[in-house]
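Comments concern the structure below.
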Amino acid sequence: MTPRTDVVAAENFLIPNGTFFVELLIFLIVLAVIWFFVVPPIRKVLAEREERAAETLATTREARQLFAEAEAKHQAALEKTRSEAAAIRSKARAEGRAILEEMRGQAQREANGIVTEAEAQLRAQADQIAAELRETVEPLARSLADRVVGVDDERRAETSRGQQTGRASS
């Protein structure tokens, strides 16, 4: 009794049979369908995605560069504006000081003119008052001096009449 070889072959999983080859054929057909109909659109989508990512990266780099340039220009313009503003402030302060000094000088000249004019008026008034006082004080001083010396008003009146007649005759 010899054992049958086809029963042994059917029970041995290491020996391929027809089912294996059919499954292999179906697998290869599915693989070919996937390879020709599914993979190309996926590759196309992935390639487009990589292109967009590269474009986005390039655009981002360019935008960063433009931003850095714009920031540098902004800082330069800001510094220039600040320096111009400082120059304008300095110029305005200098002009203000000059105007202030000019106004002070003008006010000082006007004050000096007013003081000089006031001094002249005071001197004129002093001279006028001194002249008036001389006219008033001189007769008073003579009468006081005559009283101190003891000369009478009558004698003085006679002598002043005699002097007047002597002058008239000369």
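Between residue 67 and residue 140, residue separation times 0.36 nm minus the direct Cα-Cα distance comes to 15.8 nm.
For residue 84 and residue 57, the difference between the fully extended length at 0.36 nm per residue and the C-alpha to C-alpha distance is 5.7 nm. Distance between the pseudo-spin-label points of residue 119 and residue 20 (7 Å out from Cα toward the beta carbon): 13.9 nm. Residue 20 contributes about 110 Å² of solvent-accessible surface, heavy atoms of the protein only, 1.4 Å probe.
The values are calculated or read from the model by the stated rules, or taken from the named source; none is laboratory data. These numbers come from a predicted model, not from an experiment. Cβ atoms come from the backbone with ideal geometry, glycine included; neighbour counts cover every protein chain shown. The accessibility values were calculated without ligands, DNA or RNA, using every heavy atom of the protein model including side chains. Shrake-Rupley method; radii C 1.70, N 1.55, O 1.52, S 1.80 Å.
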